[in-house]
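Structure first, then comments.
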Amino acid sequence: MNKQEWESICRQCGKCCYEKVDLGAGEIIYTSEPCVHLDTSTKLCKVYNNRQVEEPDCIELTESLVRSLNWLPPDCAYVEYIRRQDTLAAVKKAEESAKRKRNSKRRH
Ligand code: SF4
């Protein structure tokens, strides 16, 4: 998947662009305070192309980051995408395993 395809997954809800409080033990609370660069009417970042320079805390999401971060909203399009990919991979693995078992029983 290229960068453009990856970025097109985001549904630009802006939910991840609100300040968060880490309470520890995996508990994250979102505040009602948006990032200073979020246009709350369009839900778009006003400095998107330069966001990591304007806001050093802002991170560029990658697949491995989405897997490791615990603060993305559960309905974030990236979180849903990863969950779907993992489900498809688990189904494929189970199907292959069942096929292998079936084939080995035929040989006996
Ligand atoms: S929460 Fe996810 S889908 Fe929404 S803006 Fe952030 S990255 Fe995009």
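The values are calculated or read from the model by the stated rules, or taken from the named source; none is laboratory data. Remember, predicted model here, so these are calculated numbers, not experimental data. In this analysis, Cβ positions are derived from the backbone assuming ideal geometry, glycine residues included, and neighbour counts consider all displayed protein chains.
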State whether the residues of the range 57-75 include one that is at pLDDT below 95, closer than 22 Å to residue 6 by Cβ, out of contact with any Gly (no Cβ under 6 Å at 6 or more places or on another chain) and aromatic (Phe, Trp, Tyr). yes
Flag if residue 34 is in contact with a Ser or Thr (Cβ under 7 Å, 6 or more places away or on another chain), surrounded by 12 or more Cβ atoms within 10 Å (Cβ to Cβ), touching a residue at least 12 places away in the same chain (Cβ under 8 Å) and at negative phi: yes
For the range 80-89, state whether one or more residues are touching a residue at least 60 places away in the same chain (Cβ under 8 Å) and either within 13 Å of the ligand (Cβ to nearest atom) or not acidic (Asp, Glu) (or both). yes
Restricting attention to the range 51-61, which residues are surrounded by 12 or more Cβ atoms within 10 Å (Cβ to Cβ) and not hydrophobic (A, V, I, L, M, F, W, C)? 51, 52, 54, 55
Is it the case that some residue within the range 44-58 is on the phi > 0 side of the Ramachandran plot, out of contact with any Pro (no Cβ under 7 Å at 6 or more places or on another chain), within 12 Å of the ligand (Cβ to nearest atom) and touching a residue at least 24 places away in the same chain (Cβ under 8 Å)? no
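Within the range 66-100, count every residue that is exposed (fewer than 10 other Cβ atoms within 10 Å of the Cβ) and of a type in the set (A, V, I, L, M, F, W, C). Let's see the steps before the verdict.
Here is the first cut: in the range 66-100, the residues exposed (fewer than 10 other Cβ atoms within 10 Å of the Cβ) are 68, 70, 74.
Next cut, of a type in the set (A, V, I, L, M, F, W, C) only: none.
Looking only at that region, the number is 0.
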